[in-house]
1. Since B:Val331 meets every condition but one in (1) away from chain A (no Cβ under 14 Å); (2) crowded, with 24+ Cβ neighbours inside 10 Å; (3) within 29 Å of the chain's Cα centre (by Cα), which condition does it not meet?
2. Out of curiosity, is A:Asp358 farther than 15 Å from A:Ser272 by Cα, surrounded by fewer than 24 Cβ atoms within 10 Å (Cβ to Cβ) and away from every other protein chain (no Cβ under 13 Å)?
3. Is region B:334-348 home to any residue that is among the aliphatic types (A, V, I, L, M), crowded, with 20+ Cβ neighbours inside 10 Å and within 24 Å of B:Pro216 (Cα to Cα)?
4. Return a yes/no flag: does region B:228-236 have any residue that is assigned by TED's automatic domain parsing to the domain that holds B:Met137, loosely packed, with under 15 Cβ neighbours inside 10 Å and outside any strand (DSSP E or B).
5. Report, by residue number, each residue of region A:268-285 that is more than 7 Å from chain B (Cβ to nearest Cβ) and not in a loop (DSSP other than H, G, I, E, B).
6. Restricting to region B:191-217, name every residue that is more than 11 Å from chain A (Cβ to nearest Cβ) and either surrounded by 17 or more Cβ atoms within 10 Å (Cβ to Cβ) or within 26 Å of B:Leu258 (Cα to Cα) (or both).
7. Taking A:Ile288 as the residue in question, decide whether it is closer than 23 Å to B:Val309 by Cβ, of a type outside the set (Gly, Ala, Ser) and more than 10 Å from chain B (Cβ to nearest Cβ).
8. Taking region B:291-342 on its own, how many of its residues are under 21 Å from A:Ala283 (Cα atoms), small (Gly, Ala, Ser) and touching a residue at least 12 places away in the same chain (Cβ under 8 Å)?
Protein chains: 2
Amino acid sequence: MRVELISIGDELLIGQTINTNAAWIGEQLTLRGASVDFCTVIKDQNEIIKASLDSALSRVDVVIITGGLGPTKDDITKHTLAEYFGKKLEINKEVLEHVTQFFERRTSEMLEVNVQQAALPKGAKVMKNNVGTAPGMWFDVEQKVVISLPGVPYEMKDILIESGFGMLEDRFGIGSLYHKTIHLQGIGESFLSDRIKDLELNLFENGIGLAYLPSPGIVRLRLTGTSSDSDKIKIQEFIDCISERLPQHVFGDGVDSLSKVIGSILTSRSLSVGTAESCTGGAIAKEIVSVAGSSNYFKGSIVSYSNEVKANVLGVNEDDMNVFGAVSEQVVIQMAVNGRSALNVDYCLATSGVAGPDGGTLDKPVGMFWVAIAAKEGVKAKMFHFGDNRGRNIQIAVLTVLNLLRCELHNIKMEKS
Amino acid sequence: MRVELISIGDELLIGQTINTNAAWIGEQLTLRGASVDFCTVIKDQNEIIKASLDSALSRVDVVIITGGLGPTKDDITKHTLAEYFGKKLEINKEVLEHVTQFFERRTSEMLEVNVQQAALPKGAKVMKNNVGTAPGMWFDVEQKVVISLPGVPYEMKDILIESGFGMLEDRFGIGSLYHKTIHLQGIGESFLSDRIKDLELNLFENGIGLAYLPSPGIVRLRLTGTSSDSDKIKIQEFIDCISERLPQHVFGDGVDSLSKVIGSILTSRSLSVGTAESCTGGAIAKEIVSVAGSSNYFKGSIVSYSNEVKANVLGVNEDDMNVFGAVSEQVVIQMAVNGRSALNVDYCLATSGVAGPDGGTLDKPVGMFWVAIAAKEGVKAKMFHFGDNRGRNIQIAVLTVLNLLRCELHNIKMEKS
């Protein structure tokens, strides 16, 4: 089953909205064995939508369109599809009832534009929208299929999960590619490639694809083979080798995030964690609580962005701040140790650094970060130099300190950075 | 100047990477008056890249390719372009020197794969990469241009900002579309549309485009006209009208975020802010410090995810937590008031809610959030019902409480929610 995604909307082309829909659909279809071959983003203009449908139907089996189904005047997808397939719009009673109930449940007033959301091109199969008002639509085009979905991400996802994927699986078979991804923190793409040269050659000789997917602080390696047992075994062997060679960097596979990995270790050992953050400003805590169930191990955080809060709430020694500066080993250690007591946790993670763009000095340039972990056994601190972009520095600092905690929990010794 | 973006990489199609590059380039080119008509995402396969180039060169003036220029084996864009244009790869001395210096500055070892990054198709113009090793390349194709850039976002951005945009402006003229965007918090798309029906009709009659761009907690309205003075005036009149009609919702325009808007109000009045967060787990603090210079007004935060930290660090009354529950008006008010004292700030924002997916009860379902703002004049609390998705609930809660603070600072009375 070969697929093309067509994302409709000027907002995507002019960059006001990032196309997360295409990423999500691509991931889900790939997991189900389909091959997503093209994704095209186009303007919401009648002629362009029709030309893109022509082109997509000439090269794939399934076309999934997102966007342009909203209640407002700029949403033209439904009318364009009706015209493309030569069908009239008719109010669908079932959909109208659903829309009416949707507004009743919310004790909200229903507007005429919402009634019009129940008008569908004749012959289109309804794909029920449980979380919104615009239904998805399924069109059979000889042996091929065109699906039109709302652009609102959670509505699109709900429709595909509740009906779309099942309908596609019933209609088309399942492909045969096998993907596996592993995640590494704290090592750059070139250095990683150099450290695993031999493993990479071995994969290549065995016909297994290897792709490097770098992002700030993380490199993901994606392995691709057929779904044969022998390919799966080769891929697993590679993962075992690299995990043994670089345990301080490899932290998970598939959809693992560092916060999930840490969450499951802490949960299984009934340990708790908290943070005492300066430059990261709550970003470590936010990342930890992004995991459902994090209340089992995360107790809280003291974000001491000012020296005043470092002194008054965390009890950092003011003389030390004056002598060594807030970005120093001495201060980050006190933050971690005092934070651990104040929050009464097993592990307390602390950060103090120069996120940028301003505030750098010769001694302490933008990108310099101290991180520390306090535990029952004592406290460890380490210095890093990241880059010069504020957002990226905060993100890398969060990942770095979470990976240090993972290594600490696994008794993995860190290399010199 | 009409543009097509071609993003190369299986990772984009299978959804492991979200295509933020296309969004950024689209935004930047639109601001410069170019029209981004298509964005195509394709696999890193020789034949597909060549076919997409054919198709793009048939319909636009400029093709910007991102991705596939890295040092590793899966990066094939440069070789494919050399073949497409019938040129050999040659080591470019200037680029080699840059790459060598790049590694020297980082006191990192230079690898053979990095040397190969200096090999370019003969005749390609070099677009210098100051922040990485793979240069961008510019190819003249009769009257048209093909640009190839690395897929690493900050490298791609640096190359376009330092040379690419200037080269394109020199080569092509500047278009004539004028965009303006305003942002609203706390009102849904349909209700907004109903509240501004008359203004919308007026825009339509004047030929000004209006697009609704909803995202969790925020609706953006994008207005599009020509760059004529009369269109600019009509657009400004619309913005003035809607700002006066819905002051509790309209919070900014252009690239404003709520955290930036609040930051500039607090800075101009020398006021300070802190947070006492439960369910949002540091996400408000993180959003506030995402703004450079936030240390001027943000002092810190106490994230009290557990009742123990609420009692011991924030001093919330334990009896009240037992009687009313952690998600209650009584508790959120104490969090805000006590947080304000502990952090010694002018305003303290507090949240306590049920983010989900678990932990909901009949009385306090998933999505129920209490938020409070403590100030010198007293404390205000308000209850909201958001949705059933954890990440989205946290995001909406952050935006809601920041907007409440904005209204408070501007003395805007909130409507009943």
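1. Against the list (1) away from chain A (no Cβ under 14 Å); (2) crowded, with 24+ Cβ neighbours inside 10 Å; (3) within 29 Å of the chain's Cα centre (by Cα), B:Val331 comes up short only on (3).
2. Values: farther than 15 Å from A:Ser272 by Cα: yes; surrounded by fewer than 24 Cβ atoms within 10 Å (Cβ to Cβ): yes; away from every other protein chain (no Cβ under 13 Å): no.
No, not satisfied.
3. No, because not a single residue in region B:334-348 is among the aliphatic types (A, V, I, L, M), crowded, with 20+ Cβ neighbours inside 10 Å and within 24 Å of B:Pro216 (Cα to Cα).
4. Keep residues of region B:228-236 that are assigned by TED's automatic domain parsing to the domain that holds B:Met137, which gives none.
No, every residue in region B:228-236 fails to be assigned by TED's automatic domain parsing to the domain that holds B:Met137, loosely packed, with under 15 Cβ neighbours inside 10 Å and outside any strand (DSSP E or B).
5. Start the filter on region A:268-285 by keeping residues that are more than 7 Å from chain B (Cβ to nearest Cβ), which leaves A:268-280, A:284.
Selection gives A:Ser268, A:Val273, A:Gly274, A:Thr275, A:Ala276, A:Glu277, A:Ile284.
6. The first filter runs over region B:191-217 and keeps only residues more than 11 Å from chain A (Cβ to nearest Cβ), leaving B:198-199, B:202, B:205-208, B:217.
B:Leu199, B:Ile208, B:Gly217, listed by residue number.
7. Numbers: closer than 23 Å to B:Val309 by Cβ: yes; of a type outside the set (Gly, Ala, Ser): yes; more than 10 Å from chain B (Cβ to nearest Cβ): no.
Here the answer is no, as A:Ile288 does not meet what is asked.
8. The number of residues fulfilling the criteria is 8.
The values are calculated or read from the model by the stated rules, or taken from the named source; none is laboratory data. From a predicted model like this one, the values you see are computed outputs, not experimental measurements. When we count neighbours, we look across all protein chains shown, and the Cβ atoms used for this are built from the backbone with ideal geometry, even at glycine.
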